[in-house]
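Structure first, commentary second.
The values are calculated or read from the model by the stated rules, or taken from the named source; none is laboratory data. Here the structure is a predicted model, which is why all the values come from computation and not from measurement. When we count neighbours, we look across all protein chains shown, and the Cβ atoms used for this are built from the backbone with ideal geometry, even at glycine. Side chains are part of the model used for accessible areas, which takes the heavy atoms of the whole protein and leaves out ligands, DNA and RNA. Shrake-Rupley method; radii C 1.70, N 1.55, O 1.52, S 1.80 Å.
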Number of protein chains: 2
Amino acid sequence: MTGILTVTFSAGNEGQWEMQRILPVIGDVLPMAKRLSITTNATTASEADWRLKGVVSNPRYSQAAEMKMMKPVSEGLMRPEAIYGALIPIKKSDAWWMMAQDERRHIFEESSGHIAKSMKYLPAIARRLHHSRDLGESFDFVTWFEFAPKYEAEFDQLLAELRATQEWKFVDREVDIRLTRPA
Amino acid sequence: MTGILTVTFSAGNEGQWEMQRILPVIGDVLPMAKRLSITTNATTASEADWRLKGVVSNPRYSQAAEMKMMKPVSEGLMRPEAIYGALIPIKKSDAWWMMAQDERRHIFEESSGHIAKSMKYLPAIARRLHHSRDLGESFDFVTWFEFAPKYEAEFDQLLAELRATQEWKFVDREVDIRLTRPA
């Protein structure tokens, strides 16, 4: 990947993914819709109840050794068996963003094990992170996950582990949207 | 500062700053204009020959100890005596952005001394960094500097020191725009 990929998640009546449920986690939830459309760059679904936008950008915390470990066990999106999706937008607090890089990294990995915890669920759970904060969006990140139905319990376990960390004390808003892709 | 401040630099016939000269440094230059207008958030000058946009966002490389050292010696913008300005947009290479966080940090500071070199020129030279890459702009950063006329040689010295570093081997495009603010 070179450069920036802009991705728009549009909730409405269009799109390849069927919305199954929306779970409020922290703060205000988003309204339920029928479908979700995922489009890149300028293209967006013509009408939407709500949209979330983000960019696939450079790594912010991952170190070279971690990227080297993750790469061979990371899967791409749209595997035929990965028909369950999850869209999880997150906003972190001002206290988080005002910290220096080393303070945020320390909480992210040395204290919370964000990468270490996620590694255990590779390659079953595919993930793409979208950065939204610099775009002035209402969330700072939008993470998109895909997995086969048999891994749903593992996915819930991963979320439970992450939500119990010190890093999550800095999460001001989180919504958990579950979807399926009809065969 | 909490949240994101979006700043637009508009070159044209309007604005508080008079453009004195544009120096090509690396890659394509930008066209000369009469004035530069600096506006925040939605407000922009109505017409412009060209615009650069960026956001004042969270620290990306600075560590807590460095932020603590810099804060008491950093000056804000618009000091009455700081009537010289410089606008320096920069684009870094794909090779830079694909590196892990620790690799970029190592080149940025341990190898190139970006913060250490800049520290020597505080508080004389005030600086505000704007991030543009996630916005899909043609440059990755826009840095704005302000200083009194008597510090112009020091400012040129700072740029010469930074441009001689390993970090600058990853700079694909740089333009150096000098301005004055009429008393």
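Quick notes on this structure:
- Alpha-carbon Rg with Dmax, taken over chain B, Å: 15.9, 46
- Per-residue SASA entry for A:Lys34, accessible area with 1.4 Å probe, Å² rounded to 10: 130 Å²
- Distance (nanometres) between label positions extended 7 Å along Cα→Cβ at A:Arg181 and A:Leu23: 2.2 nm
- With Cα atoms defining each centre, region B:79-102 and region A:31-88 are spaced 29 Å apart in the structure.
- Our note on the geometry: Cα centres of region B:109-152 and region A:110-124, 35 Å apart.
- Based on C-alpha pairs under 8 angstrom that are at least 6 apart in sequence, region A:1-132 has a relative contact order of 28 percent.
- Counting only protein heavy atoms and a probe of 1.4 Å, the accessible surface of region A:1-135 is 54% carbon and sulfur.
- Interface residues, region A:53-73 - accessible area loss of 40 Å² or more versus chain alone, probe 1.4 Å: A:Asn58, A:Pro59, A:Arg60, A:Ala64
- A cut-off under 13 angstrom between Cβ atoms defines the neighbours of A:Gly3, and their net charge, with Lys, Arg +1 and Asp, Glu -1, is -2.
- Taking the C-alpha atoms of the protein assembly as shown, convex hull volume expressed per residue in Å³: 146 Å³
- For region A:20-73, the fraction of alpha-carbon pairs lying more than 16 Å apart is 65 percent, rounded to a whole number.
- The B-A contact accounts for approximately 2200 Å² of buried accessible area, totalled over both chains at a 1.4 Å probe radius.
- Once the 1.4 Å probe is applied to the protein heavy atoms, chain A comes out at 46 Å² accessible per residue.
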